[in-house]
Amino acid sequence: MFSNFFKSMGWCKVPGFMQAHVELGFVNEVELKCLLEQETYSPQTKAASLMEQGALRERRAKAPRNSVVQSFKIVILSNKLNLLLFFGPLAILVHYVTDNKGWFFLLSLVGITPLAERLGYATEQLACYTGSTVGGLLNATFGNVIELIISIIALKNGMIRVVQLTLLGSILSNMLLVLGCAFFCGGLVFSRKDQVFDKGNAVVSSGMLLMAVMGLLFPTVLHYTHSEVHAGSSELALSRFISCIMLVTYAAYLFFQLKSQPSFYTEETKQNKEMSEDDEDPEISKWEAIIWLSILTAWVSILSGYLVDAIEGASVSWKIPISFISVILLPIVENAAEHAGAIMFAMKDKLDLSLGVAIGSSIQISMFAVPFCVMIGWMMGVQMDLNFQLFETATLFTTVIVVAFFLQEGTSNYFKGLMLILCYLVVAASFFVHEDPHQGWC
């Protein structure tokens with residue numbers, strides 16, 4: 001039986017590495033096919049690994065040695081968007097000169113806009129020296145660092161609802177506004193055809209988002225049905241347990257994408273290189289990238305502290321709900337760089353990259369940032385849970401279902417994008433008239 005199988009596969013005899021297993025009956029034909037495929041493709045895998053290592057060594061050898069002035073010009077002065085960086089110091093000046101919280105909040109919001117893009121740039125430069133796997137982990141870590149910093153500062157101030165609403169708003173913004181604009185703009189450029197993306201990755205992403213909804217849904221239902229075993233403590237204990245599960249799931253998801261199924265990330269790297277020949281070599285050295293990451297993260301932390309303190313004052317000054325500021329205004333500014341990147345990729349017919357930006361960011365926030373904040377709050381003694389309240393949880397659940405339906409075919413066009421944008425406008429209008437029952441924000 002096995003000899004016929006090997007003859008059909010072009011082998012005259014059973015390979016030595018399987019001989020003992022076949023004789024002892026430890027494998028069946030299906031397993032043998034898998035082992036043969038591994039034996040066949042392992043040289044290619046090793047060759048690809050060796051090529052990547054060689055490329056890394058070449059990049060390290062060609063690492064630029066910039067002076068402080070040159071490094072400043074490359075990182076700060078090379079992008080016109082960085083002109084908005086000067087609004088940050090201006091906002092701090094306004095804070096100490098006047099009592100107008102509305103202007104202070106607006107200037108802080110504008111000043112923090114380019115920081116996400118610069119953090120992404122520094123991360124990409126550092127990833128040039130680390131390889132695809134570590135580079136992917138770096139992008140996963142720093143991809144939503146602004147949201148994490150704002151959330152941690154708000155947690156420190158006891159503003160639990162601001163944390164919950166800001167993270168919720170980032171998820172909604174990425175899934176509806178960012179993805180919708182990408183589909184819409186890409187569909188207008190390629191109006192005579194449906195753009196295609198990887199259906200398998202889209203299905204996995206939809207599953208991750210649905211699991212995130214499940215994690216938020218059960219503590220909320222437990223709260224509103226008054227079915228806790230221990231009133232006031234069961235909900236919090238359940239939230240912390242679910243947060244641990246979500247963090248483990250996200251770690252497994254990263255391993256699956258980076259190690260078991262690295263094809264998407266390989267394709268993403270290849271397409272990024274095709275965009276510009278200059279992207280093949282780093283513009284700054286490894287230590288420059290690390291130093292700039294530290295400087296930019298510190299500046300984000302400082303500016304975020306002022307921004308969080310001004311939220312309530314801006315709400316009173318502008319006479320709009322804090323929930324609208326947290327769910328709509330903050331995420332739009334925080335995701336501005338991702339928004340532009342997703343649209344650019346879609347207009348170049350690279351929908352997989354657009355999905356990686358929009359849906360990947362949503363997964364990272366829902367499956368990592370949210371449970372991470374619950375655990376950080378636990379360490380701080382702050383009782384943050386996964387009960388985002390009924391209105392907010394229902395909004396997230398509906399959004400995930402709508403997006404999952406749009407992704408299931410593996411195609412997109414401008415009409416699908418328009419529908420996602422209109423859905424986001426419905427969400428924005430709903431939060432504009434929504435009065436949060438927890439006015440104390442803690």
Legend entry - For the range 200-209, 3J(HN,Hα) per residue [Karplus equation, 6.51 cos²θ - 1.76 cosθ + 1.60, θ = phi - 60°, Hz, x = Gly/Pro]: x, 5, 5, 5, 4, 5, 4, x, 5, 5
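Stretched out fully, how many nm does the piece from F241 to R192 gain, at 0.36 nm a residue minus the Cα gap? Before the final figure, lay out the partial values.
Values: separation 49, 0.36 × 49 = 17.64 nm, distance 4.92 nm.
Using 0.36 nm per residue and subtracting the Cα-Cα distance, I get 12.7 nm.
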Legend entry - For N157, distant residues with modelled amide H under 5 Å away: none
Legend entry - Positive-end extreme of charge dipole, the range 319-442 - chosen from L422, V400, G360 (charges on Cβ): L422
Legend entry - Hz values of 3J(HN,Hα) by residue in the range 402-413 - Karplus curve (6.51, -1.76, 1.60), Gly and Pro given as x: 4, 5, 4, 5, 5, 8, 5, 7, x, 10, 9, 8
Inset, instruction - On the protein heavy atoms, probe 1.4 angstrom, tell me the percent of accessible surface of the range 287-442 carried by carbon and sulfur. - result: 72
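What is the percent carbon and sulfur in the accessible area of the range 136-236, measuring with a 1.4 Å probe over the protein chains and ignoring ligands? Write out the running numbers ahead of the final one.
Numbers: 2630 of 3930 Å².
Using a 1.4 Å probe with all protein chains present, the range 136-236 comes out at 67 percent carbon and sulfur.
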Inset, instruction - Mind checking the full-extension length gain between E228 and F397? Use 0.36 nm per residue of separation minus the Cα-Cα distance, one decimal, nm. - result: 58.6 nm
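The values are calculated or read from the model by the stated rules, or taken from the named source; none is laboratory data. What you see is a predicted model, and the numbers here were worked out from it, not measured in a lab. Every residue, glycine among them, receives a Cβ derived from its backbone with ideal geometry; neighbour counts consider all protein chains shown. Note: accessible area is taken over every heavy atom of the protein model, side chains too, but ligands, DNA and RNA are not part of it. Shrake-Rupley method; radii C 1.70, N 1.55, O 1.52, S 1.80 Å.
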